[in-house]
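Data block below; observations after.
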Amino acid sequence: MHPRRYETLILLAPNLEAQELETFKTKVDNIMATGGGQLVRLEDWGRRRLAYPVKKEMFGYYLLYDFQGRPALATELERNLKIDEKVFKYLTLVLDKKFTDDDLVAAKEKLLAEAARREAEKAKAQEAVEERLNRSADDRDDDENVDDDRNDRNDRDDRDDRDDDE
């Protein structure tokens, strides 16, 4: 049977310490390594508010694993998630039924390209914000200069009016 591409979303207890979270991630990595799977990506979504209470909690900690492996690996991962008390819920989806090593390399390259594109967009947006801030600071300086010119004219007009009164 060909390796498949899976995606597993895991909802964990929100009150986990950083060390407990790292231990959990290491446990999942070990399950994947012993099952012959390869991680495509791991997204740590962090602590988020839940739509409804789960085990009397309104928050949960989300992890998204995208990996390549055989069906036995997905079954073993789910078995371990079922046993673990820190896991509130999980969902595993089959993304691709035939996911070769070439597909794995292509998927990783695509993710790297996407990350680079996002970073470039972020840098471009930051530059635009800085440019707007600089432009508005220059406009404020110009406005102050215009105000100073007006004040100077008003002072001259006031002096002229006083001279006319005398």
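The values are calculated or read from the model by the stated rules, or taken from the named source; none is laboratory data. These numbers were taken from a predicted model, which means no experiment stands behind them. Using ideal geometry, Cβ is built from the backbone for each residue, glycine included, and neighbour counts are taken over all protein chains shown. Ligands, DNA and RNA are excluded from the accessible area calculation, which covers all protein heavy atoms including side chains. Shrake-Rupley method; radii C 1.70, N 1.55, O 1.52, S 1.80 Å.
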Expressed to one decimal in nm², the mean projection of the alpha carbon convex hull of the stretch 1-141 is 11.9
Once the in-chain neighbours fewer than 8 apart are removed, the lysines whose Cα is under 22 Å from Lys55 read Lys25, Lys82, Lys86, Lys89
Between the modelled labels at Lys108 and Asp84 (7 Å from Cα along Cα→Cβ) the distance in nm is 2.3
Hull surface over four for the Cα convex hull of the stretch 13-94, reported in nm², is 5.3
Simple SL model, points at 7 angstrom along Cα→Cβ for Glu43 and Glu57; separation in nm is 2.0
Quick calc: nm separation of the 7 Å Cα→Cβ label points for Thr92 and Glu127 -> 4.5
Given a 1.4 Å probe, the accessible area of the stretch 25-148 per residue, as a whole number of Å², is 70
Of every hundred units of 1.4 Å-probe accessible area on the stretch 61-113, the number belonging to carbon and sulfur atoms, as a percent, is 55
